[in-house]
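Single-structure report; data block below.
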Amino acid sequence: MKKLGMVLCLLTMLTSAAWAVNMVEQKVFYDSEIVAVGTPDFPPFSWYERESEKSSNYLLKGAFVEPTIEAMKKYKFKFTAQPYDNADDIDLSELLLGVRGGKYQLMFGVYTGTKIFNGLGILFPSVVSNPIHIITLPATQEKIRTGEDLKNLRGIAYKKEFISDYGKQKIAALNVTYIDSLYELYEQLFTGEADYIIGSEYYHKMVSPRFGIERYLAYSKEPLFKMPVFIAMSKLMPKYSVYEKAFADEFNKPEYSLAVKKEILRIIYEETQKNIGVVPPAFAKNAVQAENAEDSDKPTEETENQKSSTAEAPSTPESYNGGKIILKSTKQKSDDEILDGI
């Protein structure tokens, strides 16, 4: 009987100890502040943008921010997307040092197997991918049927576009020249100095409207490859395993993935709408003239209907599928079909 009593007493003590440890973990968890940063100049996944014209404050933007804020509401810790008051402070190497050193706890827009992200606690699996496409003028698109066709054509890529180490290896196998500026990149494509651009569909659908040329670009119907995009944690977070489990549980939910994908569509749509009316540069004059000539041959009612369709909801192909050849040959896609492709 005494032995039974001792066993029960020991079990009680162990249970109490485990409960106490769990309470300490929960208190650390609930009392903590989670500060997130993101890879700069990586739209629509992550970038920094001035809060207003009169403000010097730069805020973290991107497809992960709002879904993460919503997902974290169930916890009692404070979640903050780190702002900056100087654009010069937003440097990828400095941000990475902050994450590795524990100053920041989360980082959005991370590639696995990419050297600069070594030492971060990457959360698997990824909830979204970055698709790399062949981008051409509509007339040039007919020249490219297979990957073999690319070997005899001149390709270019934007030097500052954020590509994983895996993606760089894939691109290295092609005849691609890296260009320093976006203006020069698009100029070479439109003037025929280059036959195609290789780059992210989402990135170029974000930046091309700023030049007024998005409607003159055509994207390959299928990506050459996709690069999974991740969220990472600082390995120096106190109670790392507690946070890792909580974040993994939240970020692996289907509703979180769907929210991120919808944010991508929303961000691209809003950027396109914001830049409606931007006059294309002189290098695009041939494309503009060709479009005007084509429109002048159409009945007025049909032309007006086509113009009005470009301002519809983000799920329409006009907002996301690029050049006219693709628009004419691609059937209308539902929201689910578009989201499944991300």
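The values are calculated or read from the model by the stated rules, or taken from the named source; none is laboratory data. Since the structure is predicted, the reported quantities are computational estimates derived from the model, not experimental observations. Ideal geometry is used to build each Cβ from the backbone, glycine not excepted, and the neighbour counts take in all protein chains shown.
A compact table of results
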{"quantity": "Residue check, residue 46 modelled with pLDDT of 90 or more and surrounded by fewer than 19 Cβ atoms within 10 Å (Cβ to Cβ)", "calculated": "no"}
{"quantity": "Condition check for residue 213: in contact (Cβ under 8 Å) with a residue 24 or more places away in the chain, out of contact with any strand residue (DSSP E or B) (no Cβ under 6 Å at 6 or more places or on another chain), within 30 Å of residue 280 (Cα to Cα) and among the aliphatic types (A, V, I, L, M)", "calculated": "yes"}
{"quantity": "Residue match in the range 225-232 (condition: over 27 Å from residue 64 (Cβ atoms) and at pLDDT 95 or above)", "calculated": "no"}
{"quantity": "Residue within the range 174-194 that is under 12 Å from residue 132 (Cα atoms) and not assigned by TED's automatic domain parsing to the domain that holds residue 264 present", "calculated": "no"}
{"quantity": "So residue 144, is it surrounded by fewer than 21 Cβ atoms within 10 Å (Cβ to Cβ) and more than 24 Å from residue 92 (Cβ to Cβ)", "calculated": "yes"}
{"quantity": "Lone unmet requirement of (1) of a type outside the set (Phe, Trp, Tyr); (2) surrounded by 16 or more Cβ atoms within 10 Å (Cβ to Cβ); (3) not in a strand (DSSP E or B) for residue 73", "calculated": "(2)"}
{"quantity": "Candidate set: the range 234-255, residues that are among the aromatic types (Phe, Trp, Tyr) and surrounded by 19 or more Cβ atoms within 10 Å (Cβ to Cβ); chosen: the one farthest from the chain's Cα centre (by Cα)", "calculated": "243"}
{"quantity": "Answer from 68, 80 - the residue that is β-branched (Val, Ile, Thr), outside any helix (DSSP H, G or I) and not assigned by TED's automatic domain parsing to the domain that holds residue 205", "calculated": "80"}
{"quantity": "Subset tally (residues that are among the polar types (S, T, N, Q) and within 17 Å of the chain's Cα centre (by Cα)) for the range 174-232", "calculated": "2"}
{"quantity": "Lone qualifier among 52, 56 - being surrounded by fewer than 12 Cβ atoms within 10 Å (Cβ to Cβ), over 20 Å from the mean Cα position of the chain (by Cα), in contact (Cβ under 8 Å) with a residue 24 or more places away in the chain and assigned to a loop (DSSP other than H, G, I, E, B)", "calculated": "56"}
{"quantity": "Restricting the range 32-43 to residues that are of a type outside the set (Gly, Ala, Ser) and in a strand (DSSP E or B), the residue that is surrounded by the fewest Cβ atoms within 10 Å (Cβ to Cβ)", "calculated": "33"}
{"quantity": "So residue 161, is it under 24 Å from the mean Cα position of the chain (by Cα) and modelled with pLDDT of 95 or more", "calculated": "yes"}
{"quantity": "Of residues in the range 264-291 being basic (Lys, Arg) and at pLDDT 95 or above, the one surrounded by the most Cβ atoms within 10 Å (Cβ to Cβ)", "calculated": "266"}
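Residues checked against (1) under 16 Å from residue 39 (Cα atoms); (2) modelled with pLDDT of 95 or more:
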{"site": "71", "(1), (2)": "no, no"}
{"site": "75", "(1), (2)": "no, no"}
{"site": "83", "(1), (2)": "yes, no"}
{"site": "90", "(1), (2)": "yes, no"}
{"site": "96", "(1), (2)": "yes, yes"}
{"site": "99", "(1), (2)": "yes, yes"}
{"site": "106", "(1), (2)": "yes, yes"}
{"site": "111", "(1), (2)": "yes, yes"}
{"site": "114", "(1), (2)": "yes, yes"}
